[in-house]
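Below is one structure, written out as structure tokens; comments come after it.
The values are calculated or read from the model by the stated rules, or taken from the named source; none is laboratory data. Bear in mind the structure is a predicted one, so any value in this text is a computation, not a measurement. Positions of Cβ are backbone-derived with ideal geometry, glycine not excepted, and every protein chain shown enters the neighbour counts. To get the accessible areas, we keep the full protein, side chains included, count just its heavy atoms, and leave off ligands, DNA and RNA. Shrake-Rupley method; radii C 1.70, N 1.55, O 1.52, S 1.80 Å.
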Amino acid sequence: MVSFSALLQEGRAPTRREEISAVLALSWPAIVQQLMLTLVQYIDTAMVGSLGPNATASVGVVSSSVWLFNGLLGAAATGFAVQVAQHIGARETESARSVVRESMLFSLLFGVFMGSAAAALSFSLPGLLGAEEAIRPDASAYFLIVGCSMPFLMAINLMSSLLRCMGDTRTPMLFNITLNILNTIFNFLLIYEPREASVFGLRVFLPGAGLGVPGAALGSALASLLVALLFLRRFLSRDFPLRISLRDRFRFTRDCLSAMIRIAIPQAMAHTASCGAQIAVTVIVAGLGTQAVAANSLAVTAEALCYQPGYGVSTAATTLVGQSIGAGRRDLAVRFARVSTLLGMAIMTGTGLLMFLFAEPLIGMFTPDADVMRLGASVLRIEAFAEPLFAASIVASGAFSGAGDTKWSFAANLLSMWGIRLPIALLLIGSLGLTGMWIAMACELSIKGLVFLWRLRSKKWLDSGTVVTGSST
């Protein structure tokens, strides 16, 4: 098998087999990483779900807001990672190292800023979202602790993105497996009361802090802190290709920040538009009662198992397209964008089928409430039909990001969420309840996927992106 770096150097068009091999080589660790991140959410949801529908709803009502904050962290990380990919493709090692140093400084400052904003908002957020009085205290505490962990989450997000755009997808995968293990251990110790259990016929005492819902957030925060330190150790190690040192001069430069802003701002706006619509959905669903909020939250969590492989392939597309652009190989950028999108659609067609067939067991993992399980499973099956085209928008967007083209994705997400999903949801929810909301979601994702496929075929994304190679750093 010919490596991707060899393809860049040879200057020839790869065979289809070589294209697929290059995409898979970068995709599979990224897919595993995305599944590991989903598993963290599954573990949290299952453990919290065992406390009852109110506990599930208290996490569910702020989940869209958590997603909003995490997306802004991710947009900033992408703004730096795309620059690193393009510099590596152009063999500008020192420029890539300079971007890494600037990104580390930005990560620290931006993570603290976002964490402070989340913490300040946590006290009023559940009420603003229309949550019932009974679940507001736990929802506030959960979001407050998540806010305090934002600097660690930003560090993990950034260093994962940098490593992937360097072509190393295995290290983020291994570290996120570690994150899962630590999260499970901490949750086990922090959520539940001290208790006795029978293990192979023996009575065993199990310690516990009995913190309930806040314990789930605290467990994730502690795990994030430790894994962020693992990532930092990797970047400081002597054998790291873009090694940094604490003795380095960490400062911002106009070229790097300008490129980051041009790449990240449209992506952040796209995510904000999408999350704003999700938050509006949360407010609407909150009016349907605690059971609907719980079912909606569990269905959203269960669906993540289906679409996260698409995000894994998307990260590979960003790396391959970014390095191809940096090397001046626009032909390779187009070929890798197309084969990545087709591969993502194939994978998510399969996961969508599995989600349709096993909807009830998936939801049943998180709640013992039969009514919540039935409602969650019914809406999950609706969404399964949209997964192939949902994959097209996910992976194509990643390819566009590699070329620095993020403005178009922002416009597409804004129009689809606010111009398609919400109007259809408002039209249907009165008669169909939560089912109407998920029909609207499936329609919007399908239409958006078709639009992204049209954009991919047009190749216009090659000429409207941000190319950073050759700039002084």
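Among the residues of the stretch 183-200, is there at least one that is in contact (Cβ under 8 Å) with a residue 60 or more places away in the chain, closer than 30 Å to PRO241 by Cβ and outside any strand (DSSP E or B)?
Yes, the stretch 183-200 has at least one match.
Scan the stretch 348-369 residue by residue and report those that are open to solvent by 20 Å² or more (accessible area, probe 1.4 Å), closer than 21 Å to GLN34 by Cβ and either in contact (Cβ under 8 Å) with a residue 60 or more places away in the chain or not in a helix (DSSP H, G or I) (or both).
PHE358, LEU362, MET365 - these are the residues of the stretch 348-369 that are open to solvent by 20 Å² or more (accessible area, probe 1.4 Å), closer than 21 Å to GLN34 by Cβ and either in contact (Cβ under 8 Å) with a residue 60 or more places away in the chain or not in a helix (DSSP H, G or I) (or both).
Of the residues in the stretch 413-432, how many are surrounded by fewer than 16 Cβ atoms within 10 Å (Cβ to Cβ) and touching a residue at least 24 places away in the same chain (Cβ under 8 Å)?
Of the stretch 413-432, the ones surrounded by fewer than 16 Cβ atoms within 10 Å (Cβ to Cβ) are 415, 419, 423, 426-427, 430-432.
From what is left, the residues that are touching a residue at least 24 places away in the same chain (Cβ under 8 Å) are 426.
Total meeting the criteria: 1.
Report those helices (runs of 4 or more DSSP H) wholly inside the stretch 371-469 carrying at least 3 residues which are within 19 Å of the chain's Cα centre (by Cα). Spell out the reasoning first.
Numbers: elements: 387-402, 407-416, 422-432, 434-458.
Once the helices (runs of 4 or more DSSP H) in the stretch 371-469 are filtered for at least 3 residues that are within 19 Å of the chain's Cα centre (by Cα), what remains is 387-402, 407-416, 434-458.
Which of the residues spanning the stretch 146-174 are polar (S, T, N, Q), open to solvent by less than 30 Å² (accessible area, probe 1.4 Å) and closer than 19 Å to LEU39 by Cα? Spell out how you get there, then give the answer.
Taking the stretch 146-174 and keeping what is polar (S, T, N, Q), we get 149, 157, 160-161, 169, 171.
Next cut, open to solvent by less than 30 Å² (accessible area, probe 1.4 Å) only: 149, 160-161, 169, 171.
Those that are polar (S, T, N, Q), open to solvent by less than 30 Å² (accessible area, probe 1.4 Å) and closer than 19 Å to LEU39 by Cα: SER149, SER160, THR169, THR171.
Going through the stretch 236-262 one residue at a time, which ones are closer than 27 Å to ASN176 by Cβ, surrounded by 19 or more Cβ atoms within 10 Å (Cβ to Cβ) and either out of contact with any Asp or Glu (no Cβ under 9 Å at 6 or more places or on another chain) or at pLDDT below 85 (or both)?
LEU242
Looking at LEU225, LEU211, which is the one that is modelled with pLDDT of 95 or more and either in contact with a helix residue (DSSP H, G or I) (Cβ under 6 Å, 6 or more places away or on another chain) or part of a helix (DSSP H, G or I) (or both)?
On the way: LEU211 fails: modelled with pLDDT of 95 or more.
Unique residue meeting the criteria: LEU225.
Would you point out which residue out of ALA304, ALA286, ALA268, ALA280 is open to solvent by less than 10 Å² (accessible area, probe 1.4 Å) and in contact with a Leu (Cβ under 9 Å, 6 or more places away or on another chain)?
Working: ALA286 fails: open to solvent by less than 10 Å² (accessible area, probe 1.4 Å); ALA268 fails: open to solvent by less than 10 Å² (accessible area, probe 1.4 Å); ALA280 fails: open to solvent by less than 10 Å² (accessible area, probe 1.4 Å).
Residue meeting the stated conditions: ALA304.
With respect to PHE205, determine if the residue is of a type in the set (A, V, I, L, M, F, W, C) and free of Cβ contacts under 8 Å to residues at least 24 places away in the same chain.
On the way: of a type in the set (A, V, I, L, M, F, W, C): yes; free of Cβ contacts under 8 Å to residues at least 24 places away in the same chain: yes.
Yes; evaluated as a whole, the condition is true for this residue.
Can you tell me which residue among SER58, SER107, SER116, SER95 is modelled with pLDDT of 85 or more, part of a helix (DSSP H, G or I) and closer than 13 Å to MET260 by Cβ? I'd like the intermediate steps shown before the answer.
Working: SER58 fails: closer than 13 Å to MET260 by Cβ; SER116 fails: closer than 13 Å to MET260 by Cβ; SER95 fails: closer than 13 Å to MET260 by Cβ.
Answer to the check: SER107.
Among the listed residues PHE186, PHE231, PHE205, identify the single one that is of a type outside the set (A, V, I, L, M), buried (at least 20 other Cβ atoms within 10 Å of the Cβ) and touching a Pro at 6+ places or on another chain (Cβ under 9 Å).
Numbers: PHE186 fails: touching a Pro at 6+ places or on another chain (Cβ under 9 Å); PHE205 fails: buried (at least 20 other Cβ atoms within 10 Å of the Cβ).
The conditions single out PHE231.
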